[in-house]
Every structure is written in C-alpha cells, then in structure tokens.
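Report on the following structure.
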Amino acid sequence: MRKFKFLEHIADIKFLAYGKDIEEVFENSALAMFNSMSDEKIKEKKKFKIIVKGKDFESLLYNFLEELLFLLDSENFFLSRINSIKINKKKLKLEAEIFGDNAKNYEIHIDIKAVTYNEMFVKKQKNKWITQVVLDA
C-alpha cells in the first residue's frame, strides 16, 4: 500500500495519506508533511516524545502535525521516523516517540507555515484509513 500521495492545490500543499490502521495513517501524514519540505534522507540523531489530545480525529491529527511543526520551529527538529505511535480512540490522545535531526543539516525546499483544517478529513474506508491534509506553505 502506498504511504501518501500529493494532490494539486492552487497555492498550498495538499496530500492524501493511507494506513492499515489509524496509527499508520497518522504516521504517514507526518512523513508526507516533512517529505514535502525536503527529499533528503534524514539522520536519526535526536529523539522526542510527544503527547497531544483532540476533540475528534481531525483535531487530533491537526494537533499532532502542529506539534511537529512547533518542534521544527523551536528545536530545529526535522522528522526522520516515528518509532512508536499509540492513539487512544476513546480519550482521543496520541503518544509518539519520534526520531530526526537538526533541520540546518538539510536543504529545505518549502517552508510550511501551518496545518489547516481546510478540506481535512480522517476516515476509515473498507479495510484502510485515509487522511487528507492541506498545508499553508
């Protein structure tokens, strides 16, 4: 199964991400966001644990991606890999252990300003999960 696919959008970056479960589709959404900024192989020199909550799956995804952008802005952390991700569907809480490196070590093509709720969805379709995200670039 493909991890993600970029879609045409007038001014911003838009993608669909796929996963066999909700954890995998959130992971692939994060990878798509960082892949849109750089296509280099990112080393795994830094590690963070993050916890975010939401009121529904869309806000949980939004908060997760925004937290990753916050780490990029505040810590120069550029995501390489998500080691573990757990989502409590009832409490709408996500916990993840992530690896990456200093963004200054890589060529960044596009600066993502923010994640948007515009056209965002998280849904289960048959036996897979799909997200759609638009990023303000």
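The values are calculated or read from the model by the stated rules, or taken from the named source; none is laboratory data. This one's a predicted model, so the numbers in the text were calculated from it and none came from an experiment. In this analysis, Cβ positions are derived from the backbone assuming ideal geometry, glycine residues included, and neighbour counts consider all displayed protein chains.
Residue selection: E44 fails the criterion of being part of a helix (DSSP H, G or I) and either within 9 Å of the chain's Cα centre (by Cα) or touching a residue at least 24 places away in the same chain (Cβ under 8 Å) (or both). Note on the stretch 98-114: residues that are in a helix (DSSP H, G or I), touching a residue at least 60 places away in the same chain (Cβ under 8 Å) and charged (D, E, K, R) amount to 0.
Step by step: first the residues of the stretch 114-137, then only those that are charged (D, E, K, R) and surrounded by 12 or more Cβ atoms within 10 Å (Cβ to Cβ), then the one that is nearest to the chain's Cα centre (by Cα). Which residue is that?
Going through the stretch 114-137, the residues charged (D, E, K, R) turn out to be 119, 123-124, 126, 128, 136.
Restricting the remaining residues to those that are surrounded by 12 or more Cβ atoms within 10 Å (Cβ to Cβ) gives 119, 123-124, 128, 136.
Numbers: E119: 16, K123: 16, K124: 18, K128: 17, D136: 14 Å.
Among those that are charged (D, E, K, R) and surrounded by 12 or more Cβ atoms within 10 Å (Cβ to Cβ), it is D136.
Contact map, the stretch 6-31: residues that are assigned to a helix (DSSP H, G or I) and surrounded by fewer than 18 Cβ atoms within 10 Å (Cβ to Cβ) paired with residues that are at pLDDT 95 or above and among the aromatic types (F, W, Y), Cβ distance under 6 Å, separation 6+ or inter-chain. No pairs are found. Selection of the stretch 57-97 for residues being in contact (Cβ under 8 Å) with a residue 60 or more places away in the chain, buried (at least 20 other Cβ atoms within 10 Å of the Cβ) and either among the β-branched types (V, I, T) or over 20 Å from D21 (Cβ atoms) (or both) yields only I87.
Taking the listed residues E107, E95, the one that is under 24 Å from E44 (Cα atoms), of a type outside the set (A, V, I, L, M) and touching a strand residue (DSSP E or B) at 6+ places or on another chain (Cβ under 9 Å) is E95, with no other qualifying.
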